[in-house]
Amino acid sequence: MVLSKTSSSLRNCFFCGKQVSSGQGTMLVKNDGTVQWTCSNKCRKNLRILKRDPRKLKWTSKYVKGGVRVKK
């Protein structure tokens, strides 16, 4: 199977949402088969070690102004 450059460069960072170019970033494969790409060490540490929610951090594209609404 041959991948073109456009299909391999369409990865987004799982934490911040930035595009991850081919040959860059870190791939994490979980036990259930899901693949998580992170663009930098900053994103990897916030995701795995610090276990932060990207919706609460202003520097991510997943940030929600006004707070995260949780259904009860």
Neighbours by Cβ (under 9 Å, 6+ apart or cross-chain): first from the stretch 49-72, within 25 Å of V20 (Cα to Cα); second among the small types (G, A, S): P54/G17; P54/S61; R55/G67; K56/G67; T60/G17; S61/G17; K62/G17
Hey, W37 of a type in the set (F, W, Y) and surrounded by fewer than 12 Cβ atoms within 10 Å (Cβ to Cβ) or not: no
Members of the stretch 41-67 found to be closer than 15 Å to C13 by Cα, touching a Lys or Arg at 6+ places or on another chain (Cβ under 8 Å) and either in a loop (DSSP other than H, G, I, E, B) or aliphatic (A, V, I, L, M) (or both), listed by number: S61, K62, Y63
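All of the numbers you see were taken from the coordinates with simple rules; none came from a lab. In this text, all values refer to a predicted model and were calculated from it rather than measured experimentally. We place every Cβ from the backbone using ideal geometry, glycine too, and count neighbours over all the protein chains shown.
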